[in-house]
Every structure is written in C-alpha cells, then in structure tokens.
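Here is the structure we will look at, set down as structure tokens.
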Amino acid sequence: MVEQFMEEMGIQQAPVVGHSMGGTVSLTLTLEHPERVSKVAVVGSPIVGSSLNLLLKMGSISWIANTLFRIPAMLRLVVWFVLAGDSKKVQHMIFRDVSRVSAESFFRSIGDLWRTDLRPRVGKISIPTLGIYGAHDNIVNPNQSEALAAGVPQSHIEMIPNSRHFPMLDEPEVFRTALLDFLMDENT
C-alpha cells in the first residue's frame, strides 16, 4: 500500500522512516520496491517477529484478543503490565490506540508480525539504513539491532541508552539528532 500511495502521489523516490511494525513495513517496501526508497530508517522494529513481547504475541491468538477487547478493564491491565516502566503519557496513548481497533484487526496484524522473519532477505538492501533502538525496549527485543546490523552491512545502529519502545518520546533530542544526521548526511 505504501508503494501504491507513492505512485498515486507522484513520489518517485523518498527516504522512508517507520516505527515498530511501520519499520518492518519500511524494510519490506525497500526489499520489494528498492527504486522507491533512497534511505530507510527503522525505530524499534522487529526483523524477526519472535522478538515481540510475550504478552503482545499472546494477543495474536484470536480467543485471547477477543476476551481482552470485550473486557476493557482486562485490556487496560495488560497494557499497564506491558508498559509498566513507561510514562503515563505513553500508557494512555497505547491504550487509546489499541481501544480504537477491532480485536480481529489487532490479532491478525500482530499474528502477521509474529510470523515475520526478514533475516533471509535484508542482505539484499543496498541503500543507507539506520536502526534506532531503545536499550530497554519492552515491546521489541533490542537485540533486533544486531539482526539488522548482521543482515545489512552498510547499516548504522543507534542504541538509545535510556529509552524503551518510544525513543522519540523518551529521549527526543538524542533521537532527533540521530535521525536528522542520517537523513541529512549526503554520504549515506
């Protein structure tokens, strides 16, 4: 769909940045339509879906997702448990966003992500690639930075030391500097 959007908007090529599942989508776009992407940056993105938080993976089981979505207090409890170390702002944002989707769309998208394994393909990426990961990510294991670095030799990894899954909120200046330096560097 991203490639279709670019086609519809007349965007021939652009740098692409994605967070979490959006980063996985960005890498997939880069692999399937390399002519469209000039640089790619991913933030807290799984290369291998098994790196997802166990409770999140459980949400890909339809009867669990349906139960959680039918009982908002239980959903709130699970979100709180997964995000216990995050700010109230992040907890509220995630609960709000999860509450806006259907149980079916949630368990299908998480299930698809859980089954993802880009390791056999990322070696084909030949454009500048940035991976930004929070050292204390509680949603996607930060070791995914190693999978990206091992698969894409010309990649650059920024491990944000005091961040979790949302380094752009946890350490906005460090995040902004890393991303802008990458996007503005004409040598990458």
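For residues that are in contact with a strand residue (DSSP E or B) (Cβ under 6 Å, 6 or more places away or on another chain) and either in contact (Cβ under 8 Å) with a residue 40 or more places away in the chain or not assigned by TED's automatic domain parsing to the domain that holds residue 131 (or both), tally how many sit in the stretch 166-178. Steps first, answer last, please.
Taking the stretch 166-178 as the starting set, the residues that turn out to be in contact with a strand residue (DSSP E or B) (Cβ under 6 Å, 6 or more places away or on another chain) are 167, 171, 174, 178.
With either in contact (Cβ under 8 Å) with a residue 40 or more places away in the chain or not assigned by TED's automatic domain parsing to the domain that holds residue 131 (or both) added as a condition, the list becomes 167, 178.
Qualifying residue count for the region: 2.
Within the stretch 87-103, does at least one residue satisfy the condition of being in a helix (DSSP H, G or I), out of contact with any Phe, Trp or Tyr (no Cβ under 6 Å at 6 or more places or on another chain), more than 24 Å from residue 169 (Cβ to Cβ) and among the hydrophobic types (A, V, I, L, M, F, W, C)?
No, the stretch 87-103 contains no residue that is in a helix (DSSP H, G or I), out of contact with any Phe, Trp or Tyr (no Cβ under 6 Å at 6 or more places or on another chain), more than 24 Å from residue 169 (Cβ to Cβ) and among the hydrophobic types (A, V, I, L, M, F, W, C).
Just to check your reading of the model, which residue among 40, 48 is farther than 25 Å from residue 75 by Cβ, in contact with an Asp or Glu (Cβ under 7 Å, 6 or more places away or on another chain) and touching a residue at least 60 places away in the same chain (Cβ under 8 Å)?
After applying the criteria, what remains is 48.
Of all the residues that make up the stretch 1-41, how many are among the hydroxyl-bearing types (Ser, Thr, Tyr) and either surrounded by 23 or more Cβ atoms within 10 Å (Cβ to Cβ) or assigned to a helix (DSSP H, G or I) (or both)?
Total satisfying the criteria: 4.
Is there a residue in the stretch 146-155 that is within 13 Å of the chain's Cα centre (by Cα), crowded, with 17+ Cβ neighbours inside 10 Å, assigned to a loop (DSSP other than H, G, I, E, B) and modelled with pLDDT of 95 or more?
For the stretch 146-155, residues within 13 Å of the chain's Cα centre (by Cα), crowded, with 17+ Cβ neighbours inside 10 Å, assigned to a loop (DSSP other than H, G, I, E, B) and modelled with pLDDT of 95 or more: absent.
So which pairs qualify, if the first residue must be in the stretch 51-72 and more than 14 Å from residue 108 (Cβ to Cβ), the second must be of a type in the set (Lys, Arg) and part of a loop (DSSP other than H, G, I, E, B), the Cβ gap must be under 9 Å, and the two must be at least 6 apart or on different chains?
Listed pairs, sorted by first residue: none to list.
Among the residues that make up the stretch 42-63, is at least one of them among the charged types (D, E, K, R), at pLDDT 80 or above and not in a strand (DSSP E or B)?
So far as the stretch 42-63 goes, no, none of its residues is among the charged types (D, E, K, R), at pLDDT 80 or above and not in a strand (DSSP E or B).
Between 109, 99, which is assigned by TED's automatic domain parsing to the domain that holds residue 65, surrounded by fewer than 20 Cβ atoms within 10 Å (Cβ to Cβ), in contact with a Leu (Cβ under 9 Å, 6 or more places away or on another chain) and farther than 29 Å from residue 177 by Cα?
99
If you go through the stretch 160-178 one residue at a time, do you hit one that is at pLDDT 90 or above, farther than 18 Å from residue 52 by Cα and in contact with a Phe, Trp or Tyr (Cβ under 8 Å, 6 or more places away or on another chain)?
For the stretch 160-178, residues at pLDDT 90 or above, farther than 18 Å from residue 52 by Cα and in contact with a Phe, Trp or Tyr (Cβ under 8 Å, 6 or more places away or on another chain): present.
If you go through the stretch 29-58, how many residues are closer than 19 Å to residue 122 by Cα and more than 12 Å from the chain's Cα centre (by Cα)? Before you say what the answer is, go through the steps one by one.
Residues of the stretch 29-58 that are closer than 19 Å to residue 122 by Cα, as a first pass: 29-52.
From the residues that got through so far, the ones that are more than 12 Å from the chain's Cα centre (by Cα) too are 29-40, 50.
Summing the residues that are closer than 19 Å to residue 122 by Cα and more than 12 Å from the chain's Cα centre (by Cα) in the stretch 29-58 gives 13.
Just give me the residues in the stretch 66-86 being closer than 19 Å to residue 140 by Cα and part of a helix (DSSP H, G or I), in sequence order. Before you say what the answer is, go through the steps one by one.
Looking only at the stretch 66-86, we keep the residues that are closer than 19 Å to residue 140 by Cα, and these are 78-86.
If the condition is that a residue be closer than 19 Å to residue 140 by Cα and part of a helix (DSSP H, G or I), then 78, 79, 80, 81, 82 are the ones that fit.
The values are calculated or read from the model by the stated rules, or taken from the named source; none is laboratory data. Computed from a predicted model, the values in this text were never measured in an experiment. All Cβ positions, glycine included, derive from the backbone under ideal geometry; neighbour counts span all protein chains shown.
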